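The values are calculated or read from the model by the stated rules, or taken from the named source; none is laboratory data. Computed from a predicted model, the values in this text were never measured in an experiment. Ideal geometry is used to build each Cβ from the backbone, glycine not excepted, and the neighbour counts take in all protein chains shown. Note: accessible area is taken over every heavy atom of the protein model, side chains too, but ligands, DNA and RNA are not part of it. Shrake-Rupley method; radii C 1.70, N 1.55, O 1.52, S 1.80 Å.
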Amino acid sequence: MTTPDDRRSVQLGEQRAERGRGGETHQTAVGGGQRLTTQQGVVVSDDQNTLRAGERGPSVLEDFHFREKIFHFDHERIPERVVHARGYGAHGYFENYEPLTDITRADPFGEAGRRTPVFVRFSTVAENKGSTDLARDVRGFAVKFYTREGNWDLVGNNMPVFFIQDAIKFPDVIHAAKQEPDRGFPQAQTAHDNFWDFVSLMPESTHMLMWIMSDRAIPRSFRFMEGFGVHTFRLVNADGRSTFVKFHWKPKLGMQSVVWNEAMKISGADPDFHRRDLWDAITTGSFPEWELGLQLFDEEFADRFGFDVLDPTKIIPEEEVPVRRVGRMVLNRVVDNFFAETEQVAFCTQNVIPGIDFTNDPLLQGRNFSYLDTQLKRLGSPNFTHLPINAPKCPFATLQQDGHMAMINPAGRVNYEPNSWDPPGPREDPQAGFRTFADGQATEAGPKRRLRPESFADHYSQARQFFISQTEVEQRHIIDAFTFELSKCDRTEIRTRMLAGLRNVDEDLARAVAQGLGLRELPEPLPPAMEPVRDLAPSPKLSIAKNGPSSFAGRKIGVLVTDGADAAVLDRVRAEAEQQQVTVELIAPTVGGVEVGNGNRVPADQKIDGGPSVLYDAVIVLASKDGASQLATKPTARDFVSDAYAHCKFIGYAGDPAPLFEAAGLSSLMDEGFISLDERSPAEFLTRCTQLRFWPRQLVIT
Ligand code: HDE
């Protein structure tokens, strides 16, 4: 008897067979063939029903197609990264500006205009794979350069310092930051006892805490954040001369972050906010760019600088050693397959090429062990280097063999060296090969001991320098972030201990946080291991606000429209935005759109609760009086404008939005961040938006 399901599957089969006609004999389903096959290449006749003994009888074990399909599905997941689990990658290239052969023989810097393919993966650190993009956290910024002399991985973060000074503390800081082991939460936030317990007991983390409590930890998107190699590395030229270097990535579009209340709401409205942003930018041809900057210095500077250049909790202010921009990185291609590329990419800090070398930074030394080890666990085979995303793009030949999933296998008898075969197989090359930098100054010796260098003991001076380098609004955000996070700690002694540490950074900061926590008296300051230097000069380069963009390009405006809205204003806004490379999305009561004043129907991109204002860099309300009165009755529309106000966004308007502003309680609050598009041109509005936010409002509303 033929069941309806049978008939449907026969029809489907016929349709597929129809599409498959004329296909090549050896095509596979994955490789573009039209017929569905098993892994063995056997064409599948029915992918809808398991093989059964009788219409309502049991499934039979001989159904090899079913078993293969489920077996493979059962093994789809690989362990997520123990840190940086949530990430997003893209392809591009690095283009060198001028030859740097005087300081390094590294291939990407050999000549002007040389392009080196790259793959970049951005990530959050403490969050699990399924969390949200906008958690307060450090962002990973890992770049794999496929150079002509092998792969170079620059595995950095969007902050130039780290929590700890010695790799042996890494499992501790990560355990403390991630979900607590008994309850399995909180995920994706450091606002809990374990994290603050640990860091309040580890004064060396204070500088990093300033960074993660700042707006750097909630970037607007990957496109608007800086990247840092963190450690001091070495560049080595063809004569074997070494120069110290710190690597920087500078976003061409300028830096930008969101505000905390906005971040929390974005996490609900669009957990994929950052990855969607990167995908959209690349697929619409707005390729994000960063410039690679180098801070170059020698032993003499290292000796005279006030902090140890091997200490990863310290920076070298750009005002002291300027950042020399040596090339640009363009991301111009999204992945074809997220798993194959973004998930399977294996960065290793040990991947360096001739011309780039390590220093004795104890964190870097520990990382060089960890990354290789972790890839084996995650990817399951020492042959993870055979995966296309990890394999070098230059010729390579090793004498390693076999192992799980060996995919690049040499032919012939030679698998050892020395040998007397002809041809002899791959041989070492003392000239072209990687040689570890070794000169007189890099000779280390001494008794084996577990100790922290004396020169790493100052934990507060640069934390203070970071704080005093921020604008008043940015300082307010740092105070609010400490207050928010510490208010989530159940144990009051943790809050107190943290405040005792903050007193060594800045009294005003400690006092303001204490006030925010409702703590009447400040605890005694923690005794510092070394008396902090109180008069380090501020470094304006540390502030996001002081280094704003020169245009609003790459940003997104949300236009809330109603029936009867002024069509001419909408057209002018769209035209000007396009000119300035700003994206416009229309938000309407229904996604079907609205009928604007000239009678035309305009489709919307979002309906109001799908397009809250937190998803946009600035907003415009184009409303007729009736339209605004209807919006006034909708909580989501009121939130749209009141959130835009609270997040200090520029708010353009035209027509008669008064009923909506009134209902949202904004009528008496309209400040210079509100701009009438009946009176001002869209060009003027966008020029104002270049300031990104109307920050004076922040000081009024806190
Ligand atoms: Fe990592 N880190 N890390 N880290 N790290 C990993 O390697 C580790 C540190 C960074 O997109 C792991 O492939 C140790 C600093 C990025 O795939 C692991 C220490 C910086 C990524 C690991 C550090 C980073 C990782 C986990 C202390 C900024 C993601 C999965 C000594 C300079 C790369 C993996 C990607 C990933 C170890 C500290 C950056 C476990 C032991 C400092 C961007 O090997």
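In region 143-175, the qualifying residues are those that are open to solvent by less than 10 Å² (accessible area, probe 1.4 Å) and hydrophobic (A, V, I, L, M, F, W, C), and the one that is nearest to His207 (Cα to Cα) is Val161.
Could you please tell me which pairs satisfy a Cβ distance under 6 Å, a separation of 6+ or placement on different chains, a first residue in region 347-371 that is away from the ligand (no atom under 11 Å from the Cβ), and a second residue that is hydroxyl-bearing (Ser, Thr, Tyr) and open to solvent by less than 10 Å² (accessible area, probe 1.4 Å)? The qualifying pairs are Ile353/Thr147; Gly355/Thr104; Thr359/Thr232.
Kindly provide the set of residues from region 378-420 that are among the basic types (Lys, Arg) and closer than 25 Å to His91 by Cα, ordered by number. Listed by number, the residues that qualify are Arg378, Lys393. Of the residues contained in region 323-343, none is found to be part of a loop (DSSP other than H, G, I, E, B), more than 16 Å from the ligand (Cβ to nearest atom) and in contact with a helix residue (DSSP H, G or I) (Cβ under 7 Å, 6 or more places away or on another chain). Checked against the criterion of being crowded, with 21+ Cβ neighbours inside 10 Å, of a type in the set (Phe, Trp, Tyr) and either at pLDDT 95 or above or not in a strand (DSSP E or B) (or both), the candidates Phe287, Phe247, Phe301 yield just one match: Phe247. Here Arg435 passes the criteria (1) over 30 Å from Ala238 (Cβ atoms); (2) touching a residue at least 60 places away in the same chain (Cβ under 8 Å) except the one numbered (1). Scan region 139-173 for residues that are more than 8 Å from the ligand (Cβ to nearest atom) and either among the β-branched types (Val, Ile, Thr) or more than 21 Å from Leu364 (Cα to Cα) (or both) and the total you get is 8.
Yes/no matrix, rows are residues, columns are (1) open to solvent by less than 10 Å² (accessible area, probe 1.4 Å); (2) out of contact with any Ser or Thr (no Cβ under 7 Å at 6 or more places or on another chain):
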residue	(1), (2)
Ser205	yes, yes
Leu209	yes, yes
Met213	yes, yes
Ile218	yes, no
Ser221	yes, yes
Val230	no, yes
Arg241	no, yes
Lys252	no, yes
Gln256	yes, yes
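Within region 614-652, the set of residues being free of Cβ contacts under 8 Å to residues at least 40 places away in the same chain, touching a strand residue (DSSP E or B) at 6+ places or on another chain (Cβ under 9 Å) and of a type in the set (Asp, Glu) is empty. What do you reckon, is Ala481 touching a residue at least 24 places away in the same chain (Cβ under 8 Å), open to solvent by less than 10 Å² (accessible area, probe 1.4 Å) and either touching a strand residue (DSSP E or B) at 6+ places or on another chain (Cβ under 6 Å) or not in a helix (DSSP H, G or I) (or both)? So Ala481 fails the test. What residue, of Ser123, Ser131, is part of a loop (DSSP other than H, G, I, E, B), of a type in the set (Gly, Ala, Ser) and within 15 Å of the chain's Cα centre (by Cα)? The unique qualifying residue is Ser131. For Ala106, state whether it is crowded, with 22+ Cβ neighbours inside 10 Å, among the small types (Gly, Ala, Ser) and over 24 Å from Glu341 (Cβ atoms). Taking the combined requirement at face value, the residue satisfies it.
For (1) over 19 Å from Pro540 (Cα atoms); (2) acidic (Asp, Glu), each residue gets a yes or a no:
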| site | (1), (2) |
| --- | --- |
| Asp277 | yes, yes |
| Trp290 | yes, no |
| Gly293 | no, no |
| Phe297 | yes, no |
| Glu300 | yes, yes |
| Gly306 | no, no |
| Leu310 | yes, no |
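When residues in region 180-189 are screened for being touching a residue at least 40 places away in the same chain (Cβ under 8 Å) and either among the small types (Gly, Ala, Ser) or surrounded by 24 or more Cβ atoms within 10 Å (Cβ to Cβ) (or both), 1 of them pass.
Results for (1) in contact with a helix residue (DSSP H, G or I) (Cβ under 8 Å, 6 or more places away or on another chain); (2) modelled with pLDDT of 95 or more; (3) in the same structural domain as Asn337 (by TED's automatic domain parsing), shown as yes or no for each residue.
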site: Arg367; (1), (2), (3): yes, yes, yes
site: Thr374; (1), (2), (3): no, yes, yes
site: Ser381; (1), (2), (3): no, yes, yes
site: Ala391; (1), (2), (3): yes, yes, no
site: Pro410; (1), (2), (3): no, no, no
site: Ser420; (1), (2), (3): no, yes, no
site: Ala438; (1), (2), (3): no, no, no
site: Glu472; (1), (2), (3): yes, yes, no
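The helices (runs of 4 or more DSSP H) found wholly in region 491-602 and carrying at least 3 residues that are of a type in the set (Val, Ile, Thr) occupy 492-502.
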